[in-house]
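The values are calculated or read from the model by the stated rules, or taken from the named source; none is laboratory data. The model shown is predicted, which means the values in this text are computed figures rather than measured ones. Here the Cβ positions follow ideal geometry from the backbone for every residue, glycine too, while neighbour counts run over all protein chains shown.
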Amino acid sequence: MLHDESAAPPRSLNAAEWDHTYDRTVAGWDEEPPPVLGVLLAAYAPPPARIMDVGCGLGTTARWLADRGYTVTACDFSTRAIEEARRRTPATAAVRYELLDATDPASPLHAFPVVLDRGVLHTCPTDGERRTFAAAMSRMCGPGGLWFHVGAAALSEEDALNQSRGPSWTTEKTFLDAVSPWFTVLALHTADFGRRPGVTDWPARYAVLRRRAT
Ligand SMILES: C[S@@+](CC[C@H](N)C(=O)[O-])C[C@H]1O[C@@H](n2cnc3c(N)ncnc32)[C@H](O)[C@@H]1O
């Protein structure tokens, strides 16, 4: 389903593997998000909302958010990614980077009104890891907070079965099973993950989720 394998992120919740990926490959998925994400953010969480960009990679989305007036904290558990994100970000930009594992229950970062994962949940290889990640998002945003998710969408059961590498293509049901213990769905759309034809224009799920009060 992926047109260009260099745009395929590994399936892993392991920081060392991600360091290796950033050392050895070009991050083929790294680009500004398409306009649909800006439209959803403006509708549900207009600037200057405080946003946590979870799994920020090289910081491209974090800088894109700051350019739109958001106050951004961005985290990643890959040392390589955070070093490069800091290097690419002007000192004047409203972005603060943190090196941390978002799934660490002892993480000091929580209670953000808005959290974003673009291409992170879909790196979880199993249902259990998707649940672990969703639970981490619930801690990150706290009761009433919003989670904007962008990740690979299997458009049929067949698509979900027919995959060998790259992101985990989940059906809507698989996605909802992972997030529903903590979140209510406010919006669910399918649109291209990225902007580059034949490289990152594969189908992605754009979800806006609200953390339930209890
Ligand atoms: C496919 S990349 C997406 C990067 C960026 N969000 C983007 O859209 O270009 C996934 C990123 O999530 C990070 N990541 C995965 N699991 C993580 C975790 N548990 N805590 C923090 N970062 C994580 C990886 O290191 C990697 O940089």
Checklist (1) more than 17 Å from the chain's Cα centre (by Cα); (2) under 21 Å from LEU209 (Cα atoms) applied to VAL54, failing item: (1)
Boolean, SER78 is surrounded by 19 or more Cβ atoms within 10 Å (Cβ to Cβ), more than 18 Å from ILE51 (Cβ to Cβ) and modelled with pLDDT of 95 or more: yes
Selected residue (only one of ASP30, ASP53 is under 19 Å from TYR97 (Cα atoms), crowded, with 18+ Cβ neighbours inside 10 Å and at pLDDT below 90): ASP30
PRO113 over 15 Å from VAL150 (Cβ atoms) and modelled with pLDDT of 95 or more: yes
Flag for GLU83 being over 14 Å from the mean Cα position of the chain (by Cα) and in a helix (DSSP H, G or I): yes
Region 163-195: number of residues that are away from the ligand (no atom under 16 Å from the Cβ), small (Gly, Ala, Ser) and within 17 Å of the chain's Cα centre (by Cα): 1
Residue in region 95-130 that is nearest to the ligand (Cβ to nearest atom), counting only those that are assigned to a helix (DSSP H, G or I) and surrounded by 18 or more Cβ atoms within 10 Å (Cβ to Cβ): THR123
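Would it be correct to say that THR92 is in contact with a helix residue (DSSP H, G or I) (Cβ under 6 Å, 6 or more places away or on another chain) and in a loop (DSSP other than H, G, I, E, B)?
It is false that THR92 is in contact with a helix residue (DSSP H, G or I) (Cβ under 6 Å, 6 or more places away or on another chain) and in a loop (DSSP other than H, G, I, E, B).
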Breaking point among (1) closer than 22 Å to THR170 by Cβ; (2) out of contact with any strand residue (DSSP E or B) (no Cβ under 7 Å at 6 or more places or on another chain), for GLY55: (2)
Residue in region 144-157 that is in a loop (DSSP other than H, G, I, E, B) and closer than 17 Å to ASP30 by Cα present: no
